[in-house]
Structure formats: C-alpha cells, structure tokens
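**Q** Let me give you the structure first, and then I'll get to my questions.
The values are calculated or read from the model by the stated rules, or taken from the named source; none is laboratory data. Given the structure is predicted, the values throughout are model-derived calculations rather than measurements. Because the Cβ atoms are built from the backbone with ideal geometry, glycine has one as well, and the counts that use them run over all protein chains shown.
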Amino acid sequence: MGIEVKWPLGRSEGRRTGNTRQCTASLSRRSRPSHTSKARRRKLLELLRESTASADELVRRAGLDAGEVARALVELELAGLAAAADGVYRAVGV
C-alpha cells in the first residue's frame, strides 16, 4: 500500500513532476494485535464489567498509560464491547 505526497519544488526527496515532487511511501499495518494489547483490552473490559468509569478512572484503576487506555477503549468500542456516553464508559453485551 502506498500514498502519494506532493509538495512545492525545493524539497530534496522524491522525483520531480511539473511543479511538484512526488514521493511514494509504504504504510505498514499490523496484521494482528500484540499480546500486550489484548491484555490491556481484557483488563479494561474486566474493570468496566465491575462498574462504569471515565477514562481517567480507568487509567488509575488499571495502572496503565493514558495513551494505552485510550487506544484500548477505541478498540473495545469498535469491537462492540464497550460504549461511552457523557465521558463514562461501560461494558456492552455482557
């Protein structure tokens, strides 16, 4: 998979086409979530099954970094396992 980036002349990378240069870059995609990512999601889901919580509360209760919690919450929401309303998360379909 590649993306095409164009910018005005004067930059040093890519190849020249008209008034712009082009650069094609590959984006790597993880085919599977890591085991630690699964463990984080599992931990947060367990906490949400116990009670609803804000992201800040989950950071404190799980002992995880705020970024790790945010990522895991998005993954849980996309999987249909968690939902948020008014800044409070809850487990879904449990």
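**Q** Collect the residues in region 84-94 that are touching a Lys or Arg at 6+ places or on another chain (Cβ under 6 Å) and either modelled with pLDDT of 95 or more or crowded, with 16+ Cβ neighbours inside 10 Å (or both), keeping them in residue-number order.
**A** 91, the sole residue that qualifies.
**Q** Another question about this same structure. Determine, yes or no, whether residue 21 is at pLDDT 95 or above, in contact with a strand residue (DSSP E or B) (Cβ under 8 Å, 6 or more places away or on another chain) and not in a loop (DSSP other than H, G, I, E, B).
**A** Taking the combined requirement at face value, the residue does not satisfy it.
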